[in-house]
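The values are calculated or read from the model by the stated rules, or taken from the named source; none is laboratory data. In this text the structure is predicted, and so the values were computed from the model without any measurement. Because the Cβ atoms are built from the backbone with ideal geometry, glycine has one as well, and the counts that use them run over all protein chains shown. In case anyone asks, the SASA skips ligands and DNA or RNA and just uses the protein heavy atoms, side chains included. Shrake-Rupley method; radii C 1.70, N 1.55, O 1.52, S 1.80 Å.
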Amino acid sequence: MDLSDTPEEAAFRARLREWLAAVLPGLPPKPSPDDWPGRRAYDLGWQRRLHDAGYADVHWDASPTTRLIFLEETEKAGAPYVGANFVGLLHAGPTIAAEGTAEQRERWLPPILRGEEVWCQGFSEPGAGSDLAALRTRARRDGDAYVVTGSKIWTSHAEVADWCELLVRTDPEAPKHRGITWLAMPMDAPGITVRPLRTLAGSAEFAEVFLDEVRVPVANRVGDEDDGWRVTMVTLSFERGTAFAGEVVACRRVLGELAVEARKNGRWDDPALRRRLGRLHAEFRALWRLTQWNVSAAEATGGVPGASGSVFKLRYSHARQELYDTAAAVLGPDCLDLDRPWTLDRLSALSYTIAAGTSQIQHDIIAERILGLPRGR
Amino acid sequence: MRFRLTDDQRALREGVREVFARRFDGEALRAAVDRADGAGAGSGSEGRGAVPGAGDGADGSGPGGGAQHAAGGGSVLGDGAGRFGSGGGRPAEGPGGAGGVRAARVDRGLWRDLGELGFFALRLPESEGGVGLGLPEAVLVFAEAGRMLLPGPLVATHLAAGAVPGAATGETVVAAVDGGLVEWLAEADVVRGDATGAVALRSIDPLTPLHRVPARRAAADPVAILLTAAEQLGTATRVCELAAQHARAREQFGRPVGAFQAVAHLCAGILVRVETARAAVHAAAVTGDPADIAAARLLADEAAVRGARDCLQVHGGMGFTWESEVHLHLKRAWVRTQRAGGVTESEELLAAALASETA
């Protein structure tokens, strides 16, 4: 058991730190959260810089440990988030890399890495959330195209995306997991309507996407027709791997800020609150160690994170909510003020136990795949 | 970074697990509990020679059977486990004697076998006759001991190796005063700390006799906290296995109860706490950082206590019986939460660490 960097890892870390220190002061100011074109340009610009510096494919080709160092160091340095590049870099890109043809990889991967194209995700539907395989958006073959009709929900960056990784039903007669196909849909195709979806935090981070007879070339299909579920599973296991590593680092920082605030406003003298902060400190230390443990396991097996990602996701999502509930306890009545720094974070933390597989689904996955309990439901 | 067990560490864990399973199996555990069962408040007052008069049904371990331990010498944990194999017997009793109040006893044969295995001398340098391994290995071995509910002052004797003659070899049983409690006081040859005024209490854990002493504040040894956390991790691991086994096997309404989400999710929750605690305990063993150790303790305490509680719940009525093994894990886990200042001290340490980070 070794937590220290190998010489190669230490060299990578040192180079990255040096580069971040040089490049971050020259970044343009962050756009406001509701300026979607501005956010797109900012996020793509950051990806372009990463690409030019040789860090573009750190999410794909680098070893899991190198990826973890990248996420740790960029977060510690306060570098921009992956933002609008999220689906391209962490969902669609890896799927195309794993399952696409040479031609498809050549068409779609370089623009993702160079920060030229934005992808969004068309998976969930109003009637298919946790039971994603129940999706009903229909694709009917017409010559060299699929004609797609249906609706998707919880689509981030749909307003500014160039492509959508889309799951459609191509065989309504087959068992639900078998009749699904994975398509890359150009977002400028006729028949697509994007409607912003306002969340309880007041902002429109997501959108609904309505599809009315949208024509998608058959050449845009990744994997075989009706094999989209298997293709998709490759993507989802990426999501539960190191996707939250940077956030754990960020939560540790927030925890430090809570301690500062509590000492400033006197609530630090409340032993119950102090111990709650102490316990959270333990929690986030442990979550970082769990990340390292999972990454080392992935490194050793060369595999995707699998069910251990569910263990992490489950624990982390609840810890994040406890962090911001504790922030509210530190703030006292000020926790009701939307202009205080942690109030919106507390609201958005509520999505963590729901998005990317609810806590209940994660429990199911762990019970079935790790503990070998019989399939229930 | 290579935060996973090395091949040697894996072999050590598997070897120790095998040896413990042979040397202190479920039957031996049951026999030890039966012997200790009914121990009164004054249980510690009898002489060491006294041996329970009844309930020693296990073969080869009757009163007067004498200590049995592995033949041969020299080989220790570092060479791969398996030293216990040649003995093959059940936990042995000391020399026979008149019965008295039945009480949990340190099995001297087991203790010497642990000594020979290198359990106590694990971290002593080889130049001092030790195994020369470190905290990561100690944590693995203590987790296995916790998993099997191995009775006796394991941490205190381990920490005394090199300082108290005979501790390293298991010839000497060492107890230690910890806050307001002493475990295994009457069974110890050497007691570290001031046990003046010790009063026996009727211990909730049949396999951990306890004395109350006037509480004195003393800084807890981080290594003692870490090894306790390792034992808790072992308990948590075991109750996770037991819960899942039961959920797969026990049928109600025509289905294994594990097919019901309410039950399955309890089991999954146990596993999540185990895995989180494992990462924290192993990392603390690598860094030795007091804040990492305090974190490991909090996570491992939670994993063990809540795990045992949920395991009991999964077992339903069976879990509430004396016959079930589940209550023994819960009670031992409760005992361990009282060590080294308890949870509060670790929480305060971590809060203070947070404050000093941002000062």
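Against chain A, whose longest principal axis comes from its Cα atoms, helix A:228-239 is set at around 10 degrees. Among the protein heavy atoms of the protein assembly as shown, carbon and sulfur supply 53% of the accessible surface, probe 1.4 Å, non-protein parts ignored.
The aspartates and glutamates whose alpha-carbon is closer than 15 Å to the alpha-carbon of A:Lys30, local same-chain residues fewer than 8 away aside, are A:Asp43.
Return the average number of partner chain Cβ atoms within 10 angstrom of each residue Cβ along peptide A:340-346.
On the way: counts 0, 0, 0, 0, 0, 0, 0.
Whole-number average of other-chain Cβ neighbours for A:340-346 is 0.
To the nearest ten degrees, helix A:307-331 and the longest principal axis of the Cα atoms of chain A are 50 degrees apart.
A straight Cα-to-Cα reach below 15 Å connects A:Lys152 with the aspartates and glutamates A:Glu125, A:Asp131, A:Glu165, A:Glu205, A:Glu208, A:Asp212, A:Glu213, residues fewer than 8 places away in its own chain not being considered. Around the Cα centre of chain A, unit charges on the Cβ atoms of Lys, Arg, Asp and Glu (plus for the first two, minus for the last two) sum to a dipole of about 1040 debye.
Residues of region A:193-232 falling in the label zone of A:Leu338, defined by backbone nitrogen less than 14 Å from a point 7 Å along Cα to beta-carbon, are A:198-205. As a rough guide to protection, the peptides A:1-10, A:48-57 ranked by mean Cβ packing within 10 Å, highest first, stand as A:48-57, A:1-10. Under a model in which nothing but the beta-carbon of Lys, Arg (+1) and Asp, Glu (-1) is charged, region A:40-143 shows a dipole of about 300 debye around its Cα centre. Under 14 Å from a point placed 7 Å out from the Cα of B:Glu357 along the Cα-to-Cβ direction: which residues of region A:300-340 have their backbone N that close? Within reach of a label on B:Glu357: A:323. Modelled label positions at A:Asp61 and B:Asp7, each set 7 Å beyond Cα in the direction of Cβ, lie 3.1 nm from each other. Look at the stretch A:262-272: the mean tally of other chain Cβ atoms within 10 Å of its residues' Cβ atoms is 1. Got a sec? Which residues in region A:46-67 would a label at A:Asp2 touch, if it sits 7 Å along Cα→Cβ and we count backbone N under 18 Å? The answer is A:63-67, whose backbone nitrogens lie closer than 18 Å to the label point.
Assuming 0.36 nm per residue, please report the length gained on full extension of the stretch B:Asp194 to B:Glu18 beyond their Cα-Cα distance. Can you show the working numbers first?
Details: separation 176, 0.36 × 176 = 63.36 nm, distance 3.74 nm.
Extra length available between B:Asp194 and B:Glu18 comes to 59.6 nm.
Any idea what angle helix A:64-77 forms with the longest principal axis of chain A, computed on alpha-carbon atoms, 0 to 90 degrees, nearest 10? Rounded to the nearest ten degrees, it is 60.
Kindly state, to the nearest 0.05, the FRET efficiency for A:Ala134 paired with B:Asp37, given R0 = 56 Å and r defined as their beta-carbon distance. Rounded to the nearest 0.05, the efficiency is 0.50. Counting Cβ atoms of other protein chains within 10 Å of each Cβ in A:316-325 and taking the mean gives 0. Between A and B, buried accessible area from a 1.4 angstrom probe totals roughly 4500 Å², ignoring ligands, DNA and RNA. Summing Cβ point charges (Lys, Arg +1; Asp, Glu -1) relative to the Cα centre of the protein assembly as shown gives a dipole of roughly 1240 debye. In order along region A:4-20, the phi-based Karplus estimate (6.51 cos²θ - 1.76 cosθ + 1.60, θ = phi - 60°) of 3J(HN,Hα) comes to 8, 6, 6, x, 5, 5, 5, 5, 4, 4, 5, 4, 5, 4, 5, 5, 4 Hz; Gly and Pro are listed as x.
In square nanometres, what is one fourth of the surface area of the convex hull spanned by the alpha carbons of region A:174-297?
Working: hull surface 51.0 nm².
Over all viewing directions, region A:174-297 projects a mean Cα-hull area of 12.8 nm².
Residue separation of A:Val23 and A:Arg369 scaled by 0.36 nm, minus their Cα-Cα distance, works out to 120.2 nm of gained length. Taking 0.36 nm per residue of sequence separation and removing the Cα-Cα distance, the A:Arg198/A:Val260 pair yields an extension gain of 19.0 nm.
Computed from the Cβ-Cβ distance with R0 of 51 Å, the FRET efficiency linking A:His318 to B:Glu171 stands at 0.60.
Among A:198-207, B:304-313, what's the highest-first ranking by average C-beta atoms within 10 angstrom per residue? Working shown, then result.
Details: A:198-207: 14.9, B:304-313: 23.7.
Packing proxy ranking, top to bottom: B:304-313, A:198-207.
Accessible surface comparison of B:Trp184, A:Trp19, probe 1.4 Å, protein chains only, largest first: the order is A:Trp19, B:Trp184.
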